[in-house]
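The values are calculated or read from the model by the stated rules, or taken from the named source; none is laboratory data. Remember, predicted model here, so these are calculated numbers, not experimental data. Cβ: placed from backbone, ideal geometry, glycine included. Neighbour counts: every protein chain shown.
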Amino acid sequence: MAQDQNRFIDLQGCVNFRDIGGYRNRQGKTVAWRKVFRSDSLHLMTDEDTKHVYQTMGVASLIDLRNSTEMDRDGYESTLPTTVNYLSLSFLELHGIDPFELGDDPASRLAETYLWILNNSGHLVAEALNALAQQPNRPSLFHCTAGKDRTGVLAAILLSILDVDEEQIMADYELTNLTMDRLYPLLCAIPGNETRPRASFQAQPKAMEAFLSALQNDHGGAQEYATANGVSAENINILWASLLF
C-alpha cells in the first residue's frame, strides 16, 4: 500500500480527515493526491481549519452523507464558503442508525449496514460518483459522522472503480482505527453513545470484506454497480482520466 506522511490532514477539529490518493491500481497507475478527501464530521472544525481546507487546500465541493438527525444536531452548513458546492446524500436516511445494544457483534452490525447501503442506496452512491466526476467539484470532500462507515463504503466503491485492489481498499478502511484515541471520546459525547464500547466505533475488517464480496459477487463489481445505478460510462472514464496518473 502506498504511504505518505501527509495522508492524514492535521486539523484541530476533525481527527479522521485524510487523502485517498497514492494507491496504485492493477494497471500500475496511481490515484492522484489532493483530488479527493474523506473525513469525519466537520462541525468541530475551527476557523483556522476552515480556512486551511477551503482556501489553502482549495476544496471545491462537499458531499455530506449524514442523516437529517445528525445534520440537525451538528449542522455546519451556514459556515461553508459560498464557493463550495454542497450536496447532501443521506445513504442511511431510510434505514436509520439503531442504537448499539450490549452483546451486539460490531462486525455483524456493520456488515448489515454496509450491505443495506449497497442494496438500497445505489442511486445515492451514483449521484455521489457523478458529482466526483465533475471537474469544477475537485478537490472534493465527502464525510459522515465518524468518517468510517458511509464514508468508507463510498471510498471503497470509488477506489474499486479505479481498479485499486482489495488489500489496499481494506487498508484504507482500517486507517480509521489509528484515530481512535481522539475519535472515540468525540463519538461518546454524542447523546446515546456515552457507554458504547470502543470496538463498536472501530473499523471492522470482516464487515468491509463482506461488502467487497457482495459488490463483486452480487453486482458484478464496482463499475457494473455504478453504471447500473446511473453513472454514465463517460463519467467512469472521467474518473479514470482525472484521478489516475
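Data for the structure
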{"read-out": "Counted residues, region 1-21 - those being in a loop (DSSP other than H, G, I, E, B) and over 21 Å from ALA128 (Cα atoms)", "value": "14"}
{"read-out": "Flag for LEU132 being aliphatic (A, V, I, L, M) and either under 18 Å from the mean Cα position of the chain (by Cα) or closer than 30 Å to ASN217 by Cα (or both)", "value": "yes"}
{"read-out": "Qualifying residue in region 73-89 (condition: within 27 Å of PHE201 (Cα to Cα) and surrounded by 20 or more Cβ atoms within 10 Å (Cβ to Cβ))", "value": "yes"}
{"read-out": "Helices (runs of 4 or more DSSP H) wholly inside region 147-206 containing at least 2 residues that are touching a strand residue (DSSP E or B) at 6+ places or on another chain (Cβ under 7 Å) and at pLDDT 95 or above", "value": "150-161"}
{"read-out": "Test: residue in region 186-202 that is in contact (Cβ under 8 Å) with a residue 40 or more places away in the chain, among the charged types (D, E, K, R), buried (at least 16 other Cβ atoms within 10 Å of the Cβ) and within 20 Å of ASP64 (Cα to Cα)", "value": "no"}
{"read-out": "One residue from ALA32, ALA60 being hydrophobic (A, V, I, L, M, F, W, C) and out of contact with any Phe, Trp or Tyr (no Cβ under 8 Å at 6 or more places or on another chain)", "value": "ALA60"}
